[in-house]
Amino acid sequence: MGVKYRYPLIFTAGFLLLWESYVYFTGKEKWLLPAPSDIAAAFPGMLPLLVEHGRYTLLAAVVGFALAIAVALLLAVLMDISPVLRQGIYPLLVISQTIPIISVAPLFIIWFGYGLLPKVIVVALVCFFPLVVSVIQGMEAVDRDMVNLLRVMGASTWQIIKEVKLPAALPSFFAGLKIAGTYSIMGAVIGEWLGAAKGLGLFMTRAMHSYQYDRLFSAIIVVSLLSVLLFMIIEVIGRLVIPWHYKKGE
């Protein structure tokens with residue numbers, strides 16, 4: 001096992017040991033603060049239910065994430081083509097991040113019901129900003145001499161974007177993908193907190209209201225695992241798409 005994974009595991013084990021010791025020596029009630037051993041004991045029995053709810057959360061996260069990617073790429077290209085469009089929209093994008101998503105999410109429940117669509121919209125809104133910013137910044141970092149050379153050779157604006165700017169933006173884009181990918185699960189859970197027929201957010205809300213905190217922590221573990229899974233998938237895809245970037249950093 002490399003040092004890259006050894007130290008995180010050591011610190012995690014130390015944290016769990018401190019948590020277990022604190023609960024044991026202070027005599028905290030299980031309903032108030034379950035020990036890691038209590039959560040581990042309850043987890044297998046809840047696994048089928050967690051898988052059922054987790055599938056719904058993962059579906060909302062993946063669909064919303066894909067929608068955010070498509071819109072972010074389209075808008076980033078349009079903003080690169082039109083400086084006027086960029087000057088008009090970019091400040092609005094920044095201002096939009098000052099609005100707490102949890103304050104507008106109930107409106108989506110009212111407008112679109114308790115199905116999948118409101119969760120997809122919430123996920124897309126959560127993931128959109130880091131994606132569009134990463135693409136814009138990546139396209140700005142392109143070698144200007146290469147762009148000027150293509151213009152002298154008669155290349156169109158779209159050809160310059162396709163052949164130079166978008167490939168140059170890939171490292172920045174994948175960095176944004178990693179951030180947005182972990183946000184996507186959180187966005188789906190937030191949407192489910194406010195109203196859902198199923199999902200990990202609903203599972204967590206019910207567990208919290210019934211003081212079943214071992215269930216709550218079990219759901220948190222699943223949410224974390226799903227976020228890590230998406231992060232790892234993006235990492236693998238990135239190494240396949242831009243291997244030169246990863247080799248340069250190693």
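Read the figures in this text as sums done on the coordinates, not as results from a lab. Given the structure is predicted, the values throughout are model-derived calculations rather than measurements. Cβ placement follows ideal geometry from the backbone for every residue including glycine, while neighbour counts extend to all protein chains displayed.
Structure above, values below:
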item: The chain, relative contact order [Cα under 8 Å, separation at least 6], %; result: 26 percent
item: Vicinal HN-Hα couplings computed from phi for region 32-45 (Karplus, 6.51 cos²θ - 1.76 cosθ + 1.60; Hz; Gly/Pro x); result: 8, 8, x, 6, x, 5, 5, 5, 5, 6, 7, 4, x, x
item: Packing rank of 115-121, 186-192, 149-155, where each peptide gets the mean count of other beta carbons within 10 Å, highest leading; result: 186-192, 115-121, 149-155
item: Distance in nm between pseudo-label sites at residue 225 and residue 51 (7 Å out along the Cβ direction from Cα); result: 1.0 nm
item: Cα-projected label distance for residue 89 with residue 137, points at 7 Å along beta-carbon direction, nm; result: 1.9 nm
item: Those chymotrypsin sites (Phe, Trp or Tyr not before Pro) in region 162-225 that DSSP places in a loop and that have at most 13 other beta carbons within 10 Å; result: 211
item: Candidate aspartates and glutamates - alpha carbon under 15 Å from residue 162, same-chain residues fewer than 8 apart omitted; result: 80, 140, 143
item: Computed magnitude of the charge dipole of region 118-207 (debye, nearest 20; Cβ of K, R +1, Cβ of D, E -1); result: 300 debye
item: Residue-averaged 222 nm ellipticity for the chain, from DSSP H runs of 4+ at -39500 (n - 2.57), nearest 500; result: -28500 deg cm²/dmol
item: Assigned charges on the beta-carbon of Lys, Arg, Asp, Glu; the chain dipole about Cα centre (debye); result: 200 debye
item: Among (i) 28, 19, 16; (ii) 25, 21, 19; (iii) 41, 24, 14, the entry derived from the coordinates for semi-axes √(5λ) of the Cα gyration tensor in Å; result: (iii)
item: Label-to-label distance, nm, for residues given as residue 163 and residue 103 (7 Å Cα→Cβ offset); result: 4.8 nm
